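Encoded as structure tokens, here's the structure I'll be asking about.
The values are calculated or read from the model by the stated rules, or taken from the named source; none is laboratory data. The structure presented is a predicted model; accordingly, all values stated were derived computationally and were not measured. Positions of Cβ are generated from backbone atoms using ideal geometry, with glycine treated the same way; all protein chains shown enter the neighbour counts. Surface areas here come from the heavy atoms of the whole protein model, side chains and all, with no ligands, DNA or RNA. Shrake-Rupley method; radii C 1.70, N 1.55, O 1.52, S 1.80 Å.
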Amino acid sequence: MHSALEQMTQKYPELSECLPAINETFERLKDCYQEGGKVMLCGNGGSASDCEHIVGELMKGFLQKRPVNDSFRQKLIEQYPEDGSYLSEHLQGGLPAISLVSHTSLMTAFSNDVAPDMVFAQQVFGYGAKADAVVGISTSGNSKNVLQALKVAKAMGITTIGLTGKDGGALKEVCDTAIVVPWNETPDIQERHLPIYHALCIMLEEAFFQS
């Protein structure tokens with residue numbers, strides 16, 4: 001078992017039952033990145049904050065330094081002698097991820113002009129490509145706007161991943177993989193989502209940026 005998962009289950013032993021789904025989620029996300037895809041994330045309230053948090057761990061160094069490769073470093077220095085070293089030293093390797101909750105103008109316009117429950121689905125339709133993955137976070141598993149996004153993703157042949165609680169709700173049925181934490185109250189579910197996605201981010205970082 002990966003050390004990040006060992007630490008997680010030591011603190012939250014009940015999450016051991018989620019390990020198969022967590023490992024499958026890791027493999028699907030790794031495949032996404034190996035195929036040149038990106039990860040899109042959506043959720044509401046605290047789950048929207050989790051989307052932003054996950055993007056922050058994927059798009060920059062988390063536990064690894066992720067320096068740019070030598071060839072790109074040299075290219076920057078050659079093209080920009082005054083700034084090339086600074087640019088190369090302050091860039092970090094990223095795993096492409098987009099938080100669909102962040103685009104305020106688009107979301108409010110689409111909610112007002114078209115349909116509020118389709119704000120994430122529209123972005124999936126506009127951004128999505130087959131190599132991508134969409135992660136929907138919903139503590140109940142029944143958030144309509146998240147479900148709509150996952151349905152559109154699935155129809156486009158995009159990998160669908162859910163992070164939820166309780167009985168998984170409707171989300172479980174539209175996901176290729178769903179991590180369902182065994183709690184019923186929203187704060188308890190959200191508290192367990194964090195160590196799960198931290199472990200996933202650590203595992204992905206090590207897979208692509210092992211120093």
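Evaluate the following for Arg28: is it part of a helix (DSSP H, G or I) and over 20 Å from the mean Cα position of the chain (by Cα)?
So Arg28 does not fit the description; no.
Do we find a residue being of a type in the set (A, V, I, L, M), in a helix (DSSP H, G or I) and in contact with a strand residue (DSSP E or B) (Cβ under 7 Å, 6 or more places away or on another chain) anywhere in the stretch 33-53? Talk me through it step by step, then tell me what you get.
Here is the first cut: in the stretch 33-53, the ones of a type in the set (A, V, I, L, M) are 39-41, 48.
Next, from what is left, pick out any that are in a helix (DSSP H, G or I): 48.
Checking the rest, the ones that are also in contact with a strand residue (DSSP E or B) (Cβ under 7 Å, 6 or more places away or on another chain) come to none.
Scanning the stretch 33-53 turns up no residue that is of a type in the set (A, V, I, L, M), in a helix (DSSP H, G or I) and in contact with a strand residue (DSSP E or B) (Cβ under 7 Å, 6 or more places away or on another chain).
In the stretch 120-140, which residues are of a type in the set (A, V, I, L, M, F, W, C) and closer than 15 Å to Cys51 by Cα?
Hits for the stretch 120-140 are Phe120, Val124, Ala133, Val134, Val135, Ile137.
Taking the condition of being touching a helix residue (DSSP H, G or I) at 6+ places or on another chain (Cβ under 6 Å) and open to solvent by 20 Å² or more (accessible area, probe 1.4 Å), how many residues in the stretch 19-49 meet it?
Total satisfying the criteria: 3.
Scan the stretch 26-50 for residues that are in contact (Cβ under 8 Å) with a residue 60 or more places away in the chain and under 15 Å from Ile179 (Cβ atoms) and jot them down.
Answer for the stretch 26-50, where residues must be in contact (Cβ under 8 Å) with a residue 60 or more places away in the chain and under 15 Å from Ile179 (Cβ atoms): Phe26, Arg28, Leu29, Val39, Leu41, Gly43, Ser47, Asp50.
Regarding Lys11, is this residue open to solvent by 70 Å² or more (accessible area, probe 1.4 Å), among the basic types (Lys, Arg) and under 21 Å from Pro182 (Cα atoms)?
In short, yes.
I'd like to check something: does the stretch 56-64 contain any residue that is touching a Ser or Thr at 6+ places or on another chain (Cβ under 8 Å) and modelled with pLDDT under 95?
yes
Also: Using beta carbons and a limit of 8 Å, which pairs, at least six apart or on different chains, have the first residue in the stretch 71-97 and under 30 Å from Arg28 (Cβ atoms) and the second one among the basic types (Lys, Arg) and surrounded by 15 or more Cβ atoms within 10 Å (Cβ to Cβ)?
Every condition considered, the pairs that remain are Gln92/Arg66; Gly93/Arg66; Gly94/Arg66; Pro96/Lys38; Ala97/Lys38.
Right, another one. Suppose we keep only residues that are open to solvent by 30 Å² or more (accessible area, probe 1.4 Å), out of contact with any helix residue (DSSP H, G or I) (no Cβ under 8 Å at 6 or more places or on another chain) and part of a loop (DSSP other than H, G, I, E, B) within the stretch 141-175. Which one would you say is nearest to Pro187 (Cα to Cα)?
Out of the qualifying residues, it is Asp167.
With the structure loaded, tell me whether Val68 is aliphatic (A, V, I, L, M), outside any helix (DSSP H, G or I) and out of contact with any Phe, Trp or Tyr (no Cβ under 9 Å at 6 or more places or on another chain) or whether it fails that test.
For Val68, the condition - aliphatic (A, V, I, L, M), outside any helix (DSSP H, G or I) and out of contact with any Phe, Trp or Tyr (no Cβ under 9 Å at 6 or more places or on another chain) - is met.
For Glu82, are the conditions met, namely being part of a helix (DSSP H, G or I) and open to solvent by 20 Å² or more (accessible area, probe 1.4 Å)?
In short, no.
Which one of these does Gln122 not meet: (1) touching a residue at least 40 places away in the same chain (Cβ under 8 Å); (2) in contact with a Phe, Trp or Tyr (Cβ under 6 Å, 6 or more places away or on another chain); (3) open to solvent by 10 Å² or more (accessible area, probe 1.4 Å); (4) part of a helix (DSSP H, G or I)?
Unmet for Gln122, out of (1) touching a residue at least 40 places away in the same chain (Cβ under 8 Å); (2) in contact with a Phe, Trp or Tyr (Cβ under 6 Å, 6 or more places away or on another chain); (3) open to solvent by 10 Å² or more (accessible area, probe 1.4 Å); (4) part of a helix (DSSP H, G or I): (1).
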